[in-house]
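A.B. asks: Before anything else, here's the structure in question.
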Amino acid sequence: MQTPEVTTVQKRQWRLWQHFALYLSGAIAPWVLSTAALAGDPFRSGSQARPISDATEAVFVALFRDGNYVKGKELLPAALERDRQEPLTLTLAAAIAYLNEDWAGYKRYAEETLRAAQALTRRDPLRGNLYQAVGHFLMAGYEISDAGSGPVMGTPAALLRVQQVLDHVGRAEALNPRDPELNLIRGFMEWGIASNVSFVSMERAIQTLQTYAAPDYLRYRGLALAYRDRKQWPQALNAVDQALALAPNNPELLYLKAQILAASGQRSQARQYFQQALAKQNQLPRGIREEIQQFSRRILPQG
């Protein structure tokens, strides 16, 4: 049986994953294009790279490689000015609005994500369908929030959204089942479902993330979460160490390693990683800061 602390962490991560359309971590992959026009695609290289601006990439990196939400929020206006029709930019804006408990902003950016994705489908059917799925996922999160219809009254509408999510993911997959952005989102979605409602197997999530998902720092973090939930501690530690090798200053990754060490009985070793995460807590949103503080107080030996 899981400890109450781990259960709380899992519930928060699934809730955030719904609202963030599965963007929970990040770092710059070493293979990102250096050309100006395509410099911002954090998922692909070469001829497959998409025209995402470096301004959007900067927000992505701040949030997900560095775990610096304060910097990400500061960089967001420039990205929105440059990439207002890019669904990834709007998804990041929705994530920041959610973390700041700005439900009006969250709903607005979720709706804009969906509209931008619908327009993008004509030029890029794979990403257009993928971000229509993301947009519906974001809106499903709003439907069941207190700002929407609430968890009871909003559930029927949210379930309809989920069906649209699955439909658009299927369309994207039919176009290119090896696309790294698609597999990243699918993999984290499958992890969240497997961790909470067992609708799909955790093994499926692991296979999706292992095979084609990118960038690597996100892929390894997803694998660490999946192995953690399966209590496969050596594999979880190996994956989080690989993520930390690419994003060594991310406090959420430091926190994840501390969780894994503590859950596997290595509480003394976990202490240093909790302390490192707490040392960078000012760059995290209030909710995540409080969670790390509460978790560390509950599971670490005192003194």
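The values are calculated or read from the model by the stated rules, or taken from the named source; none is laboratory data. None of the values given here were measured: they were computed from a predicted structure. Cβ placement follows ideal geometry from the backbone for every residue including glycine, while neighbour counts extend to all protein chains displayed.
A.B. asks: Contact list please: Cβ distance under 6 Å, first residue in region 42-68 and in contact (Cβ under 8 Å) with a residue 40 or more places away in the chain and closer than 19 Å to G128 by Cβ, second residue outside any loop (DSSP other than H, G, I, E, B) and among the charged types (D, E, K, R), pairs at least six apart or on different chains.
C.D. replies: P42/E57; F43/E181
A.B. asks: Take region 155-203 and flag every residue that is among the basic types (K, R) and either surrounded by 13 or more Cβ atoms within 10 Å (Cβ to Cβ) or under 16 Å from the mean Cα position of the chain (by Cα) (or both).
C.D. replies: Hits for region 155-203 are R161, R171, R186.
A.B. asks: List every residue pair whose Cβ atoms lie under 7 Å apart, where the two residues are 6 or more positions apart in sequence or sit on different chains, the first residue falls within region 204-215 and is of a type in the set (K, R), and the second residue, located anywhere, is crowded, with 19+ Cβ neighbours inside 10 Å and in a helix (DSSP H, G or I).
C.D. replies: The qualifying pairs are R204/E190.
A.B. asks: Next question. Checking the structure you have, find out if any residue of region 202-214 is assigned to a helix (DSSP H, G or I), modelled with pLDDT under 95, at negative phi and touching a Leu at 6+ places or on another chain (Cβ under 6 Å).
C.D. replies: Yes, the conditions are met somewhere in region 202-214.
A.B. asks: If we keep just the residues of region 245-282 that are assigned to a helix (DSSP H, G or I) and in contact with a Pro (Cβ under 7 Å, 6 or more places away or on another chain), which is nearest to D229 (Cα to Cα)?
C.D. replies: By that ranking, first place goes to R267.
A.B. asks: Taking the criterion of being within 26 Å of D41 (Cβ to Cβ), surrounded by fewer than 23 Cβ atoms within 10 Å (Cβ to Cβ) and either modelled with pLDDT of 95 or more or not aliphatic (A, V, I, L, M) (or both), would at least one residue in region 142-149 satisfy it?
C.D. replies: no
Let's see how each residue does on (1) part of a helix (DSSP H, G or I); (2) surrounded by fewer than 21 Cβ atoms within 10 Å (Cβ to Cβ):
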residue: S47; (1), (2): yes, yes
residue: E57; (1), (2): yes, no
residue: V70; (1), (2): yes, yes
residue: E81; (1), (2): yes, yes
residue: Q85; (1), (2): no, yes
residue: T91; (1), (2): yes, no
